[in-house]
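Heads up: the structure comes next, in structure tokens.
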Amino acid sequence: MKLFGARNRGVALVLAIMAISACAETEFLIHSAKRVGADQASAEPGFKIGKPYQIQGVWYYPAENYEYDETGIASWYGAQFHGRRTANGGTYDMNSLTAAHRTLPMPSFVRVTNLENGRSLILKVNDRGPFARGRIIDISRRGAQLLGFHKVGTARVRVQIMADKSRALASRVKSNTQLADAGSPITIDRLPKPEVKTVSLSPPPGASSNPGNFGSSAANEIRKNPPVLSRSRAISADPKGDDVVSLRPVSRTNIFVQAGAYGQFENANRTKAMLSSLGPVKLTTVLIKGRDLFRVRLGPLGSVAEADKMLQSINQAGFEGARIVIE
């Protein structure tokens, strides 16, 4: 009996050790899965605005500006940056329809129109740039090809944020990020389907009952006149659905370099006098949000190269915030 009891205690001890080992292994697997899930979540591109930053003496202030509408010079970037990490944590693909912008939210959608040929395309902003002065947006190689300036290198463009589309995308990315942070397996695109049950009901008083033929005739009626299924088009985070170049009416444009916009005429007139030796200077007024601004511009200029040279001269004169505009 003692031997049998000792043997039972030994077996129990082995079973306990195996149970503890199994629990430890299970706990290890759970923690490993959590860690892998966290790593994968952190590797996914998220929503990002960013803090103000300075490049070559110029300050940039990222913000959720859903009224953004600007003209200027676009450039493109390709193989040198292909496969590298973008500013919001994604991977740059030169064959996708994406763009880099200095201040717009990431990701967001913009419509870029080539003012030289009328080609227009929707791109997704997922990176910061360009940091070369005189450029307002850097476009992927594929985007530049579709807009028709891949071989030239630059183009006069108008950039407009797609407000509704960008807000919807921001909401979706933020929701996915929150679910990933909480460790939830639920995703926005895949939700459990509710279980559907059927219940047979008695016919109302006075109605004729013919269960044998009703089901068959109803099925035949559906076969003869199938219902029309409508599918609502959701806004996608992938702009491939908008991989269509549209043509928009454009008119002849001129290139200027704007030294600044001032709230007081005296300051604008003083700037005009300081820059008059560089070339023809124009002082114009514009009403923005109920306020008159006095703009000081040099031009029109004959080419992008000439505008770049003029911009450099104005920067050297102390006007770091000068920029190239198309009008």
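Readers should treat all values here as calculations from the given coordinates under stated rules, not as data from a laboratory. Predicted model, so just to flag it, every value in this text is computed and none were measured. Cβ sites come from the backbone with ideal geometry, for glycine too, and all protein chains shown count toward neighbours.
Of note:
- Residue-span extension gain [Glu67 to Arg252] - 0.36 nm each, minus C-alpha spacing: 64.1 nm
- Working from label points 7 Å from Cα in the Cα-to-Cβ sense, the Arg85 to Ile55 distance is 1.8 nm.
- Per residue, the convex hull volume that the Cα atoms of region 255-326 enclose (Å³): 76 Å³
- Extension reserve of the Ser276-Asp292 stretch, reckoned as 0.36 nm per residue once the Cα distance is removed: 3.5 nm
- Cα-based values for region 53-167, radius of gyration first and Dmax second, are 12.9, 34 Å.
- With a Förster radius of 35 Å applied to the beta-carbon distance between Lys309 and Thr285, the computed FRET efficiency rounds to 0.80.
- Extended-chain gain in nm, criterion 0.36 nm per residue less alpha-carbon gap, Ser171 and Lys151: 3.5 nm
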